[in-house]
1. Determine whether region 21-37 contains at least one residue that is in contact with a helix residue (DSSP H, G or I) (Cβ under 8 Å, 6 or more places away or on another chain), modelled with pLDDT under 80 and not hydrophobic (A, V, I, L, M, F, W, C).
2. Is there any pair with a first residue in region 153-181 that is farther than 30 Å from Phe234 by Cα and a second that is open to solvent by less than 80 Å² (accessible area, probe 1.4 Å) and at pLDDT below 55 whose Cβ atoms are under 7 Å apart and which are 6 or more apart or on different chains, and what are they?
3. Restricting the first residue to region 254-266 and requiring it to be of a type in the set (Gly, Ala, Ser), which pairs with a second residue that is exposed (fewer than 15 other Cβ atoms within 10 Å of the Cβ) meet a Cβ separation below 6 Å and a spacing of at least six or different chains?
4. Return the total of residues in region 110-125 being at pLDDT 80 or above and crowded, with 21+ Cβ neighbours inside 10 Å.
5. Look through region 126-144, keep the residues that are part of a loop (DSSP other than H, G, I, E, B) and modelled with pLDDT of 65 or more, and return whichever of them is surrounded by the most Cβ atoms within 10 Å (Cβ to Cβ).
6. Among all residue pairs at least 6 apart or on different chains, which show Cβ distances below 6 Å where the first residue, located in region 287-302, is in the same structural domain as Leu157 (by the TED database) and the second is among the β-branched types (Val, Ile, Thr) and open to solvent by 60 Å² or more (accessible area, probe 1.4 Å)?
7. Taking the residues in region 38-68 that are at pLDDT 85 or above and open to solvent by 50 Å² or more (accessible area, probe 1.4 Å) as candidates, determine which candidate is farthest from Ser81 (Cα to Cα).
8. For residues that are exposed (fewer than 12 other Cβ atoms within 10 Å of the Cβ) and closer than 19 Å to Val300 by Cα, tally how many sit in region 246-267.
Amino acid sequence: MIFSTFEHILLHISFSVVSIVITIQLITLLVDEIIGLYDSSEKGMIATFCCITGLLVTRWIYWGHLPLSNLYESLIFLSWSFSIIYMVPLFKKYKNYFNLNVITAPSVNFTQGFATSGLLNEMNQSEILVPALQSHWLMMHVSMMVLSYAALLCGSLLSLALLVITFRKFIRILSQSNNLVNESFSWSEIEYVREKKNILQKTSFLSSRNYYRFQLVQQLDLWSYRIISLGFIFLTIGILSGAVWANEAWGSYWNWDPKETWAFITWTVFAIYLHTRTNKNFESVNSAIVASIGFLIIWVCYFGVNLLGIGLHSYGLFPN
C-alpha cells in the first residue's frame, strides 16, 4: 500500500512538473527568451527525470523485476527514456546545445498521460511474469528496445521540424516567384528584376533572420543525426539480444511474427536514413523524409502487436 501510494505521488508530480515545463516553453515562444524561464525549464526536466526514476525503482523493488512486463510499465519506461535523452547533453556539458525540451517535454507528457488514462487502469498493478518473460534477457532486450524507440522518435521529430522549416521557406520563395511571373514586365525589366533578386538573395542570407534559420536547420539536422544514430545502436542491440533470447525460449532465433517483422522494417528504414545522411550526394532534406517515414513505422512496431494481439510477443495487451 505504501509503495503504491508513493508510486502514484511520484507519477503525478512528474506529470505536473512536465506540464509546467511545456507551459514555460510556450511562453518563451511568445516572448523573447528569458534566462530565468529557461533555467526553470531545465530544472523542471531534471525533477521529472528524478521522479520517474524513483517511480521505476520503487516498482522494481516492490515487484522484484524490471518494470517492463506490460504496456503501462513500458510507457512509463518510455517517458523515462525521453527524459534521459534530454539529460545527456547536460551531463556532457555541451555549449550552445539545441534545446531538446521542445521535443522531450511533450513526449514525456504524452506517454505519461496515455499510461495513466482509463484505457490502462487494469495494468497499473503488475502481475507474476509469464514463463517466457522469466529470464535475465528481459532487462537487456526490452530496455534496449524501449530506449531505441525513444531515441528514434525524438530524432524523427527533429527531422519533421526540419522539413516544416524547409518547406515553409520553399513555399514562400515559390509564391514570390509566381508574383513576379504574373506581373507584366518588358524583357529589360525582367532582366533587371532577376539581377536585383540575385543580389538581394546573396545579401539577405547574411541577415540575422536568415542566418538564424540556417543555424536552426543545421542544429536540427545535427541533433537528429546524433540521436537517431544512438537509437539505431540500441535497436541493433535489442534485436540481437532478442534473437538470442528467442532461441532459448522458443528454440529459434527468428520466427517472423508481427513484432519481429516490424522491428526489422524499422531497422531497415533507419539504416537507409543513416546511409542517406552520411552520403554527400544527398541533401539533409532527403534523410529527413526517411526519418519522418520511420516515425510512423516506430509507432506501428510499438503498438501494432498490442492492437492485433497475435504473435509470440503478445504480452501486455490492451485490456479487454
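1. The answer is yes; a qualifying residue exists.
2. Leu180/Val193
3. As it stands, the answer is none, since no pair meets every condition given.
4. Matching residues across region 110-125 total 2.
5. The residue in question is Leu129.
6. Listed pairs, sorted by first residue: Val290/Ile272.
7. Among residues in region 38-68 that are at pLDDT 85 or above and open to solvent by 50 Å² or more (accessible area, probe 1.4 Å), the one farthest from Ser81 (Cα to Cα) is Ile61.
8. Summing the residues that are exposed (fewer than 12 other Cβ atoms within 10 Å of the Cβ) and closer than 19 Å to Val300 by Cα in region 246-267 gives 1.
The values are calculated or read from the model by the stated rules, or taken from the named source; none is laboratory data. Quantities reported herein were computed from a predicted structural model and do not represent experimental measurements. Glycine also receives a Cβ, built like all others from the backbone with ideal geometry; neighbour counts cover every protein chain displayed. Protein only, heavy atoms only, side chains kept; ligands, DNA and RNA dropped before computing areas. Shrake-Rupley method; radii C 1.70, N 1.55, O 1.52, S 1.80 Å.
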